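In what follows, a single structure is set out as structure tokens and then discussed.
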Amino acid sequence: MKKAIPHIVYFLLFAVHLYSIAEDLSTLRMLNKPLICVILIAYLWSATGLKTTFQKLIAAGLFFGWLGDIFLMLPNKFLFGLAAFLIGHILYVIAFIRQTSAFALSRDKLYILVAGFLAVYSYYFYTILAPSLGVEKYPVIAYIIVIALMGFFSYTRKQQTNTSSFLLIFLGALLFIISDSILAANKFVAYIANSGLMIMCTYMLAQYAITLGSVLDNQKDKQTSSTNARRNISHR
């Protein structure tokens, strides 16, 4: 039961935040939105101790997500929020690259399909946004490239972790792309009904999936250590 507490707390926050959006309760929304990444960082720290570089990078990415959440609630701070999330995604990319093996990747040619899909989608989405972009043009281009890289490298770690960790983080990356696509389309192209609910639902699930996947990757390390210990005992 103790292990379930962080998940229960997070999904209570999830429900309250979506309720605050649906009912247009701006004060409640502004109070609970900064708690999203705080809870996830606390969970990641308590579950792993942030002992590895991978875990530290994910925690740092969540911290910049926290900054981004705050900036995006403030008037005229969109570019600051964009910059914070951009840094967060770069940290995720670095973390995922550290778990990527070129040799292992060579045995799974699906990464080519993933790369192709993300490249085509990113270019197509940019062409939709481009006519409406002003001073945000180059920051948005940089963001599109980095989040596509984040999605790609979340896939390339497939052979270097367990299935649960891989699927959760890959799903989280895709949900992040969906969330940011809705946000950008709503801001620059046209109003999308219930966009606030869709953006925050996919965003909160994305950050949760990436965090949980990072915790489960830590369990892989424990299992490996346990297996090695048993092997050493059997050889004595």
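Miscellaneous remarks
- Residue list for region 52-77, filter: farther than 17 Å from I210 by Cα and either among the acidic types (D, E) or surrounded by fewer than 16 Cβ atoms within 10 Å (Cβ to Cβ) (or both): M73, L74, P75, N76, K77
- Residue check: A104 meets all listed conditions (1) surrounded by fewer than 16 Cβ atoms within 10 Å (Cβ to Cβ); (2) within 19 Å of V189 (Cα to Cα) but one, namely (2).
- In region 29-44, of all residues being aliphatic (A, V, I, L, M) and open to solvent by less than 60 Å² (accessible area, probe 1.4 Å), the one that is farthest from W66 (Cα to Cα) corresponds to L44.
- Residues in region 178-236 that are open to solvent by less than 40 Å² (accessible area, probe 1.4 Å), among the charged types (D, E, K, R) and either modelled with pLDDT of 95 or more or not in a helix (DSSP H, G or I) (or both): 1 in all.
- Scanning region 92-109 for residues that are more than 13 Å from F170 (Cβ to Cβ) and of a type in the set (V, I, T) yields V93, I94, I97.
- Tallying residues that are polar (S, T, N, Q), outside any helix (DSSP H, G or I) and in contact (Cβ under 8 Å) with a residue 12 or more places away in the chain within region 81-125 yields 3.
- If you check S214, S179, S154, S195 for being without any contact (Cβ under 8 Å) to a residue 24 or more places away in the chain and of a type in the set (G, A, S), only one passes: S195.
The values are calculated or read from the model by the stated rules, or taken from the named source; none is laboratory data. Source: prediction; values computed, not measured. Reconstructed Cβ throughout: ideal geometry from the backbone, glycine too, with neighbour counts over all protein chains shown. Areas reflect the complete protein model, heavy atoms only, side chains present, ligands, DNA and RNA absent. Shrake-Rupley method; radii C 1.70, N 1.55, O 1.52, S 1.80 Å.
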